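Novice: Just passing along the structure, written as structure tokens.
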Amino acid sequence: MGAPGVGKSALARQFMTSEYKGTYETNTPEIIEPERNVNVLLDGKESTLHFLDEEQHPNFEAEDLPIDAYVVIFSVSDSTSYNEALNSIRTLREVYRINRAIILVGNKIDLARQRRVAKHDALKMAKKYDCRYTETSAALNHHVDELLVGILSQIREQVSPSAA
Ligand code: GDP
Ligand code: MG
């Protein structure tokens, strides 16, 4: 999820090149949008993550999709996108009563001099709504692997909390 231009597609594209990518190849051409599959090999176990893009599923709540985790992205250089991300998180938690994992992502941290959203503010908001917070640069492929692995770890934890 996230406002247009925050880097949703760029992050998804970087996921495809992750070193955690499993050995099993799906024939998902790079050009396929909005849905993307990534096989991730973590702790010796391979899982397929299937990403849906909010821009192609604007009414996903009504679609009754089996969603395991929400990745809400904003650009640290764009405070409007941050406010939109917060609204999305509030709506998920307070209106739809979602208690699944939500990961707030501040993307474009390479644009350091254009930063408009402070890390500690985003962290505080994430904590308030029981979300993880992470910062990435899709452009530099910075922290993108960590995000991918973090998404899968959180999904595995909620599937089998005892096995985590
Ligand atoms: P989407 O609309 O959320 O899917 O955003 P896109 O992935 O299409 O990215 C929008 C624009 O931001 C493109 O020009 C990207 O190249 C650029 N972009 C995406 N991620 C980053 C980043 O981490 N840093 C910088 N500087 N630009 C980025
Ligand atoms: Mg896009």
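Novice: Can you say whether Asp130 is touching a residue at least 24 places away in the same chain (Cβ under 8 Å), under 17 Å from Val76 (Cβ atoms) and not in a helix (DSSP H, G or I), as far as the supplied structure shows?
Specialist: no
Novice: Still on this structure, I have one more. When the stretch 134-160 is examined, which residues are found to be in a loop (DSSP other than H, G, I, E, B) and open to solvent by less than 40 Å² (accessible area, probe 1.4 Å)?
Specialist: Within the stretch 134-160, the subset in a loop (DSSP other than H, G, I, E, B) is 136, 138-141, 143, 160.
Hits for the stretch 134-160 are Thr136, Ala138.
Novice: Answer yes or no as to whether Glu84 is within 16 Å of ligand 2 (Cβ to nearest atom), at pLDDT 95 or above and either part of a loop (DSSP other than H, G, I, E, B) or over 14 Å from the mean Cα position of the chain (by Cα) (or both). Even if it seems obvious, please write down each step before you answer.
Specialist: Working: within 16 Å of ligand 2 (Cβ to nearest atom): yes; at pLDDT 95 or above: yes; either part of a loop (DSSP other than H, G, I, E, B) or over 14 Å from the mean Cα position of the chain (by Cα) (or both): yes.
When the stated conditions are applied, Glu84 passes them.
Novice: If you don't mind, there's one more thing I want to ask. Name the pairs whose Cβ atoms lie under 7 Å apart, with the first residue in the stretch 47-67 and in contact (Cβ under 8 Å) with a residue 40 or more places away in the chain, the second open to solvent by 50 Å² or more (accessible area, probe 1.4 Å) and assigned to a loop (DSSP other than H, G, I, E, B), and 6 or more positions between them or separate chains?
Specialist: Asp53/Glu33; Glu55/Pro4
Novice: Right, another one. How many of the residues making up the stretch 68-113 are within 15 Å of Ile151 (Cα to Cα), open to solvent by less than 40 Å² (accessible area, probe 1.4 Å) and in contact with a Lys or Arg (Cβ under 8 Å, 6 or more places away or on another chain)?
Specialist: Within the stretch 68-113, residues that are within 15 Å of Ile151 (Cα to Cα), open to solvent by less than 40 Å² (accessible area, probe 1.4 Å) and in contact with a Lys or Arg (Cβ under 8 Å, 6 or more places away or on another chain) number 8.
Novice: Restrict the check to the stretch 113-125 and report whether at least one residue is β-branched (Val, Ile, Thr), in a helix (DSSP H, G or I) and out of contact with any Leu (no Cβ under 7 Å at 6 or more places or on another chain).
Specialist: No, the stretch 113-125 has no match at all.
The values are calculated or read from the model by the stated rules, or taken from the named source; none is laboratory data. None of these values were measured; they are calculated from a predicted model. We place every Cβ from the backbone using ideal geometry, glycine too, and count neighbours over all the protein chains shown. Ligands, DNA and RNA are excluded from the accessible area calculation, which covers all protein heavy atoms including side chains. Shrake-Rupley method; radii C 1.70, N 1.55, O 1.52, S 1.80 Å.
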